[in-house]
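Structure record follows, encoded as structure tokens.
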Amino acid sequence: MTRTLFLLLACGLWTAPREATLRGEVVDAATGKPLPCRITIRGADGKFHFAKSASPDGSAVEYRKQAFKQSVEFHVTLSAHPFTVALPPGKVTVTVQRGKEYIPETQTVDVGDQGAAITVRLRRWINMADRGWFSGDTHVHRMPDQLPNLQLAEDLNVALPLTSWVTEAHTSPGSANKAGAAVPNDAKVTEIDPTHVFYSRNTEYEIFSVNKKRHTLGALFILNHKTLFEEGVPPVGPIVKKAREEGALLELDKHNWPWSMMLAPVFNVDLYELANNHMWETEFAFRDFGSPAPDYMNIEKDGSG
């Protein structure tokens, strides 16, 4: 193989794949003001490509996740600056989103050998802040260093990142943290701008195993606490007491898991998730409640459940 490649190079028969540059900007359709956003780019080669900020003052955070075959999240969150992306010439699909208050926009661009340029204009259909409502997310599995970029791109006003996360019973969130980064040493509110903030000390106990054996119990969040918790669960009573003393909010998650019937009265929950963080740009993936739905509920189903 090495010899063949050498001969091809020597004879001038091998050339690197062609690349072109797509340049673009995203603006508010009504005001023309540059917008931070989420952008997904799929090239003529069928692959996802990741934009970069074209400004030295800009930022771009890549996200590459795939759960099931159709559950794919390959995108970039961009600051409010122009962007560039290198990709093969051909037809390119660009999808731009900004939170829930703008209508997503998809454009197909024919990128030639000399590149191309686009301007994407996002239309806002509602302004909830003008009506006194602000967005928040208590189930954030992204670390604080990314949030200044992410929250502006998604127009998320308040975030409570789960900087401590443990999945083993009786295990300390401090010593067995699964959050993917070091736990912040401080507990404070960080102001990104006057309408976007996050608080950096929040803990999720999501118990999947007991004594190293698979045994799902339940999930609970402790939000806005002040000290780094070293206590594992169960029992939950002591950590609930400590959380209350620190002024924390308590949230119930995974409502069909075995602990749910116990957590509701013991926890005296403040918050109840209507939808958790498993939101993918795909078909509906979870087709039951974890347990089969009883017939008397008359749940409407399609052919695949």
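Computed from the coordinates by the stated procedures, all read-outs in this text should not be read as laboratory data. In this text, all values refer to a predicted model and were calculated from it rather than measured experimentally. Cβ sites come from the backbone with ideal geometry, for glycine too, and all protein chains shown count toward neighbours.
Numerical summary
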item: Student exercise, the chain dipole from Lys, Arg, Asp, Glu Cβ charges, in Debye to nearest 20; result: 680 debye
item: GNM flexibility winner over the chain from Arg98, Arg244, Arg142 (Cα, springs under 10 Å); result: Arg244
item: Considering only region 90-180, percent of DSSP beta bridges that pair antiparallel, nearest 5; result: 75 percent
item: Simple spin-label estimate for Asp57 and Ala44 in nanometres, 7 Å along Cα-Cβ; result: 3.6 nm
item: Prolate/oblate/rounded label for region 93-136 (Cα gyration tensor, a/c 1.5); result: prolate
item: Convex hull of Cα atoms in the chain, direction-averaged projection (nm²); result: 23.0 nm²
item: Among beta bridges that DSSP assigns inside the chain, antiparallel share in %, nearest 5; result: 75 percent
item: Options Gly218, Gly237, Ala248, ranked by Cα towards positive dipole end of the chain, top entry (Cβ charges); result: Gly218
item: Efficiency of FRET between Val189 and Arg23 - r from beta-carbon atoms, R0 41 angstrom, step 0.05; result: 0.65
item: Rounded to whole Hz, the Karplus (6.51, -1.76, 1.60) HN-Hα couplings of region 18-35, x for glycine and proline; result: 5, 9, 10, 10, 9, 10, x, 8, 10, 9, 6, 5, 7, 10, x, 6, x, 10
item: Table column - 3J(HN,Hα) (Hz), region 76-83, Karplus curve with 6.51, -1.76, 1.60, x for Gly and Pro; result: 10, 9, 10, 6, 7, 9, x, 10
item: Cα-derived Rg over Rh, computed across region 19-124 with Rh taken as Kirkwood radius; result: 0.95
item: Span-like helix ranges in the chain, DSSP H, alpha carbon extent 15 angstrom or more, Kyte mean at least 1.6; result: none
item: Rounded to 5, the percent of DSSP beta bridges in region 133-272 classed as antiparallel; result: 60 percent
item: 4 °C / 1.567 mPa s Stokes-Einstein diffusion coefficient of region 133-272, Kirkwood radius on C-alpha pairs, µm²/s; result: 84 µm²/s
item: For Arg214, net neighbour charge (Lys/Arg +1, Asp/Glu -1) across residues whose Cβ lies under 14 Å away; result: 0
